[in-house]
Amino acid sequence: MNSRRLTRVAASATSLVLIGSMAACGSSGPGGGGGGDTAQIWALQDSALQPILEGSMERFNEQSETGDAELTTFGNDPYKQRLRIAIGSPDAPDLFFNWGGGNLKEYVDAGEVDDLTPLLDENPELRDAFLPSVLAGAELDGKNYGLPMRGMQPVILYYNQAVLDEAGVSVPTTWDELLTAVDQLKAAGKTPIALAGNQPWTELMWAEYVLDRVGGPQVFQNIRDDAEGGWSQPEVLEAMTMLQELIQRGGFGTDFASVGYDVGGASTILAQGDAGFHLMGSWEYTNQLGQSPDFVNSGDLGWTVFPAIEGGEGDPSNLVGNVSNFYSLTSDSNNKETAQEYLETQLTNEEYINDLIEAGDVPPIEGIRDQLAATENGDHATFVYDAARDANNFQLSWDQDLTSDEATEMLEQLSQFFLGEVDAQGFVDALAD
């Protein structure tokens, strides 16, 4: 898993690179949590983010009048396991890192997370500091249960401009234009769309966008919330039928099942001019800078939003991907005043935001576009920022928004679907059972 990618709640062994054993920083160690005069903040281990979080703690502790804050970090899987055990116990942290959406919902439903809506109502400047589409990532039933604590990584349609020019292809703005581009690229002897098909989370991006454009965001929300027919909603079959047509049309070529992402396969196919398009999270730009800098520097790497589907219910501005990561406040926190002060003062702190931008993040903060534009990769950063700012809805990746068991089954069925082992109806039937 690339280091630039927000850490995912992975639902399949094929989509994970586990982060070793449990690790911690801060004097409390991994056993610290709850109680005392120090607010315990739990987060994931991340080499780029760690010094930024530690700097935030130091600034807070120098100025706080309510108490201190202490950071403890864990590897991905150990963190999820430890958090499940700790929440609701005396060892629970005061603030905890999460992915929003369904990942957060299980704790909210259990009554273990504080509603932050009153905090935002009392501090409207705090609410207004965040991009609405991202702040909504931790909203459940009209209430807010988390505040964004790092950058955004929407899924973007990347392309090789030189390949498109050679094949006479225009950047598609609609689904029909994309299908036409597929035919033109095939005729030119190119793989239309690079796909790392041995990792089904890459295939998931296509299903997420097509369903959104066909039916709008409520269709998946019904699936997540087990309402209104779930996977049996007619829009799901319609979307998967359209995606099946794209696969059978040769949109992804014939060898995608043997291509990986973590080893740079799909990215290299795009960079070397063997494919026209690649749908991937915005971390793809950093990957290309690291793996194929000449391709980026040539100006041939382009990017755009996912095409609209004519007649569909979904707003073409809608995004899917990694909305952000969030801090949430545990209901039984013994240090709520300190934890709330941290949320109020540190997540929009100028130094904190500057540090995130310097590390390559695109924070979901209003009014930073000019600052992003002035960075070395400002064109891409401002595209990501504008897309999130203008999005009517920003859907968390399905494998993060569903429970682990549901996500695992979905990814398994999706892999079979892309391989042609089940058709659109079979995919729907398997998940609707």
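The values are calculated or read from the model by the stated rules, or taken from the named source; none is laboratory data. The shown structure was predicted, so the numbers you read here are calculated from the model rather than taken from an experiment. FYI the Cβ positions are ideal-geometry reconstructions off the backbone, even for glycines, and counts take in every protein chain you see. Just the protein is used for accessible areas: all its heavy atoms, side chains included, with ligands, DNA and RNA removed. Shrake-Rupley method; radii C 1.70, N 1.55, O 1.52, S 1.80 Å.
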**Prompt:** Taking all protein chains as present, what is the carbon and sulfur share of the accessible area of the stretch 278-433, in % to the nearest whole number, probe 1.4 Å?
**Reply:** 38
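Roll a 1.4 Å probe over the protein chains and send me the accessible area per residue for the chain in Å².
With all protein chains present, the chain gives 38 Å² per residue.
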**Request:** Could you check how many percent of all C-alpha pairs in the stretch 291-433 are farther apart than 25 Å?
**Result:** 53
**Item:** 222 nm mean residue ellipticity, helices alone, for the chain (DSSP H n ≥ 4; -39,500 (n - 2.57); rounded to 500)
**Value:** -13000 deg cm²/dmol
**Message:** Given the whole protein assembly as supplied and a 1.4 Å probe, what does the accessible area of residue 345 come to in Å², nearest 10?
**Reply:** 50
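Calculate the FRET efficiency for residue 392 and residue 232 from the Cβ-Cβ distance with a Förster distance of 22 Å, rounded to the nearest 0.05.
Values: r = 26 Å, r/R0 = 1.16.
Working from the Cβ atoms, E equals 0.30.
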**Message:** Cut-off 10 angstrom, C-alpha nodes, Gaussian network model of the chain. Which of 391, 188, 43 fluctuates the most?
**Reply:** 188
**Sites residue 81 and residue 344, calculated FRET efficiency, Cβ-Cβ separation with R0 51 Å, nearest 0.05** = 0.95
**Prompt:** Suppose R0 equals 35 Å; then what is the FRET efficiency for residue 249 and residue 369 from their Cβ-Cβ distance, rounded to the nearest 0.05?
**Reply:** 0.35
**Acute angle (nearest 10 degrees) that the helix 76-86 long axis makes with the longest principal axis of the chain, alpha-carbon atoms** = 40
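Just subtract the alpha-carbon distance of residue 161 and residue 225 from 0.36 nm times their residue separation and send over the number in nm, one decimal. All intermediate terms of the calculation are to be shown ahead of the outcome.
Values: separation 64, 0.36 × 64 = 23.04 nm, distance 4.07 nm.
Between residue 161 and residue 225, full extension yields an extra 19.0 nm.
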**Asked** Hey, how much of the P(r) for the stretch 55-124 falls beyond 21 Å, as a percent of Cα pairs?
**Response** 40
**Protection proxy ranking of 254-260, 162-168 - average other beta-carbon atoms within 10 Å, highest first** = 162-168, 254-260
**Request:** Considering only 407, 359, 387, give the residue with the highest GNM mean-square fluctuation for the chain, with springs between Cα atoms whenever their separation is below 10 Å.
**Result:** 359
**Prompt:** Pick from 246, 95, 211: which residue has the top mean-square fluctuation in a GNM of the chain where Cα pairs under 10 Å get a spring?
**Reply:** 246
**Complete:** Inter-part gap, Cα centre of the stretch 138-201 to Cα centre of the stretch 341-372, in whole angstrom, is 27
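Any idea what the dipole of the chain comes to, in debye rounded to 20, about its Cα centre with Lys/Arg Cβ at +1 and Asp/Glu Cβ at -1? Provide the component values of the computation, followed by the final result.
Numbers: 19 positive and 70 negative charges, 205 e Å.
That gives the chain a dipole magnitude of about 980 debye.
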**Request:** Work out the charge dipole of the stretch 151-210 with +1 on the Cβ of Lys and Arg and -1 on the Cβ of Asp and Glu about the Cα centre, then indicate which of 189, 199, 175 is farthest towards its positive end.
**Result:** 199
**Request:** With a 1.4 Å probe and every protein chain left in place, tell me how much accessible area residue 143 has, in Å² to the nearest 10.
**Result:** 90
**Message:** Full-extension gain between residue 416 and residue 187, please, as 0.36 nm times their residue separation minus the C-alpha to C-alpha distance.
**Reply:** 79.7 nm
**Message:** Please report the accessible area of residue 350 (heavy atoms, 1.4 Å probe, ligands and nucleic acids excluded) in Å², nearest 10.
**Reply:** 140
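First compute the accessible area of the stretch 114-206 with a 1.4 Å probe, then give the percent of it belonging to carbon and sulfur atoms. Working shown, then result.
Working: 1400 of 3150 Å².
C and S atoms contribute 44 percent here.
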